[in-house]
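Notes follow once the structure below has been shown.
We did not get these values from a lab; they are worked out from the coordinates using the rules stated. Computed from a predicted structure; not experimentally measured. Every residue, glycine as well, gets a Cβ built from its backbone with ideal geometry; the counts of neighbours run over all protein chains shown.
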Amino acid sequence: MRFRLLAIVLPIFIASCADREILVVKPDAVNVGTARQIFVATNRDMRADGAFDLQRSSEVAYQRVTVSVPPSHEPGLIKTRHENPNPERHFTISDIKAFDGQADYQAALRRAVPKASSDITDVTFFVHGFNTSYSEAVYRHAQILHDADAPGAQVTFSWPSAAKVLGYAHDQDSILFSRDGLQEALIATRNASGTPPFLVAHSMGAMLAMETLRQTELKQPGWARRNLAGVVLIAPDIDLDVFKNQLESIQTLPEPFIVFVSERDRALEISGLINGREKRLGNDSDISQLGDYPILFFDITDFANGVYGDHFTIATSPEMLGLFKSGGLQKLIQNGAGQLREIAVGGRRIGVSAKRVNNAIKWVLSPASEPVGG
């Protein structure tokens, strides 16, 4: 088992030795690429050089970051250079606006929320995962926003990850430390926007999101259902027993409550080895133990393409990005189990099949070879 773990970790470790906490701002980048604005709430501590690192802060700071998406960008890919980014080729930060406290942030967010009412969410609140620096969290959110053409205002919560493959224990501790910070930022965002935000969390960030919802519910029963437009957990790095315990503390789940899983997730395989249990919630397609809860599972194993160790397939697969952009995911949510066999996404067909276990539904998605109209 030790050799198996080394065989998986070593290539990733070698590829991640750069100082990823370096934060370079290039104002001229806004004239090169496509500008995307991301609001950021963070409990990372700021270094003397202005970068946010792995150190933890008891206070939440708020910013608005402008990211330039390079003209050469291909959907699903993020090209970065931490020390000297080239805006023609790399995701680049062109501006950071630091807000003077929570009230200043709330006023700016309120102005950014779309004024016209619609059936789509007005605010997406994203919590990044393990082994992620401040800038990488913002870049990933900007990439999803850009590629999926996500509507409304966008907020990232950047918790103090060590941004190191060997920083797993540090990141687990940071999750526990960050619960109060995320709760503050989530409530501040909800109160400012005037509309329930959609909470999206990836990997270990899903553990943080669930722990925060649990503690909020213990103080204010029913808060999650009243104040969230929905929850999406992407490749959640959560033990199944822990997840069930978290669910039991939430009075009524927000709907939709969505979990993306993939059995080809190498990062969760490593997590399983570290934690002594083979399966995590995000790489376990068996929903039989969760049938009491109205959860929509999406098994996207067949779209794993080897990018990022298949730990963020919905953000790296063009088909999965198209699923969001085309409204295909919404169709699956609205039609219920068993009523669809395929959907059209970006000129291609995606095969779908559904299995219901009491209140839970699992959709299995698979590529279809024939183009639409073929």
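Return the FRET efficiency for the residue pair K219, R356: r is the Cβ-Cβ distance, R0 is 35 Å, and the value is rounded to the nearest 0.05.
0.55
Label-point separation (nm) for N335 and R110, each offset 7 Å from Cα along Cα-to-Cβ?
Using points 7 Å along Cα→Cβ, the separation is 4.2 nm.
Efficiency by 1/(1 + (r/R0)^6): what FRET value for L166 and Q37, r their Cβ-Cβ distance, R0 = 30 Å, to the nearest 0.05?
Rounded to the nearest 0.05, the efficiency is 0.35.
If each residue of separation counts as 0.36 nm, what is the full-extension length gain between L77 and D292 once their alpha-carbon separation is subtracted?
73.7 nm
Work out the P(r) tail for region 176-331: percent of alpha carbon pairs separated by more than 21 Å, whole number.
The calculated P(r) of region 176-331 puts 45 percent of pairs beyond 21 Å.
Identify the residues of region 27-71 with backbone N under 13 Å of a label point that sits 7 angstrom from the Cα of N86 along the Cα-to-Cβ direction, or state none.
Of the residues in region 27-71, 71 have backbone N under 13 Å from the label point off N86.
Report the relative contact order of the chain, percent, no decimals, based on alpha-carbon pairs under 8 angstrom and at least 6 residues apart.
Averaging sequence separation for qualifying contacts and normalising by length gives 13 percent for the chain.
Below 19 Å, Cα to Cα, which aspartates and glutamates can K279 reach? Residues fewer than 8 away in the same chain don't count.
Correct list for K279: D237, D239, D241, E263, D265, E269, D299, D302, D310.
Which net charge results when you count Lys and Arg as +1 and Asp and Glu as -1 among the other residues whose beta-carbon is under 14 Å from that of M46?
-2
Which shape class applies to the chain: rounded if a/c is under 1.5, otherwise prolate when a/b exceeds b/c and oblate if not, where a ≥ b ≥ c are the square roots of the Cα gyration tensor eigenvalues?
Taking the square roots of the gyration eigenvalues as a ≥ b ≥ c, the chain is rounded.
Which lysines, on any chain, are close to K331 with Cα under 21 Å apart, when same-chain ones fewer than 8 places away are left out?
Within reach: K355, K362.
Counting DSSP beta bridges in region 2-371, what percent are antiparallel, to the nearest 5?
50 percent
So for region 216-374: antiparallel DSSP bridges make up what percent, rounded to the nearest 5?
50 percent
Net charge within 10 Å of A150 by Cβ-Cβ distance, Lys/Arg positive one each and Asp/Glu negative one each, not counting A150 itself?
Net charge around A150: 0.
Would you mind telling me which residue in I93, I270, I361 has the biggest mean-square fluctuation in a Gaussian network model of the chain, where springs connect alpha carbons within a distance under 10 angstrom?
I270
Apply 1/(1 + (r/R0)^6) to the Cβ-Cβ distance of A48 and V242, taking R0 = 45 Å, and write down the FRET efficiency to the nearest 0.05.
Approximately 0.75, to the nearest 0.05.
Between A344 and R226, what length comes free when the chain is fully extended (0.36 nm per residue of separation minus the Cα-Cα distance, one decimal in nm)?
Residue separation times 0.36 nm, minus the Cα-Cα distance, leaves 39.2 nm.
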